[in-house]
Amino acid sequence: MAKYCVVFNCSGDVSIQTLEKLLSGLCYTASWICMDEINRLNPEIMSVIANQINIIKNALNSGKSTFSFMGKKIQLKHGVGIFSTMNPIYLQRATLTENLKSYFRVISVSSPNYETIL
């Protein structure tokens, strides 16, 4: 009854290969990922992630059970979820690239409601 969710802490040191492995693993298992502080990634990496998300999204929308992802044919289980968080207040944060921004719905939280969380 539970859904496996990976919380991945993004940083400027994250490589494209790491993200490819992570996203392909999600496709195999129909897991979710929360890319925490996605705006810490380099803009070049953000652009690649947007392309990878687009490939996965198109495969899901087409109802495919296998698809080509970064030069490999992989299985796709439906139920993959990709989420992100960002904290724009901190210094050294990039703005999301336009192609990546289009895949996420913005929800702002200015101050957490601790009673609801508890």
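The values are calculated or read from the model by the stated rules, or taken from the named source; none is laboratory data. The model shown is predicted, which means the values in this text are computed figures rather than measured ones. Glycine gets a Cβ as well: all are built from the backbone with ideal geometry, and neighbour counts include every protein chain shown. Side chains included, ligands, DNA and RNA excluded: accessible areas come from the protein's heavy atoms. Shrake-Rupley method; radii C 1.70, N 1.55, O 1.52, S 1.80 Å.
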Ordered by residue, what ³J(HN,Hα) values in Hz, to whole numbers, does segment 42-54 give under the Karplus form 6.51 cos²θ - 1.76 cosθ + 1.60, where θ = phi - 60° and Gly and Pro are x?
5, x, 5, 5, 4, 5, 5, 4, 4, 5, 5, 4, 4
Rounded, prolate or oblate, given the Cα gyration tensor of the chain, with a/c below 1.5 counting as rounded?
oblate
Among the trypsin sites (Lys or Arg not before Pro) in segment 63-118, which ones are in a DSSP loop with at most 16 other Cβ atoms within 10 Å of the Cβ? Mind listing them?
64, 77, 93, 105
Taking amide hydrogens as modeled 1.01 Å from N in the peptide plane, which residues meet the under 5 Å criterion relative to residue 85, leaving out close sequence neighbours?
35, 36, 37, 38
Of the DSSP beta bridges with both residues in the chain, give the percent that are antiparallel, rounding to the nearest 5.
30 percent
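With all protein chains present, how much of the accessible area of the chain (probe radius 1.4 Å) comes from carbon and sulfur, to the nearest whole percent?
Here carbon and sulfur together make up 54 percent of the probe-accessible area.
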For a protection proxy built on the mean count of beta-carbon atoms within 10 angstrom, sort 6-12, 25-31 highest first, please.
25-31, 6-12
Using alpha carbons only, how many degrees (0 to 90, rounded to 10) separate the axis of helix 16-29 from the longest principal axis of the chain?
70 degrees
Non-local amide H neighbours of residue 69 (under 5 Å, H modeled in plane, Pro and chain starts lacking H): which ones?
74
Net charge (Lys, Arg +1; Asp, Glu -1) of residues whose beta-carbon lies under 12 Å from that of residue 70, residue 70 excluded, is +2
Express the accessible area of the chain per residue in Å², computed with a 1.4 Å probe while the remaining protein chains stay in the model.
68 Å²
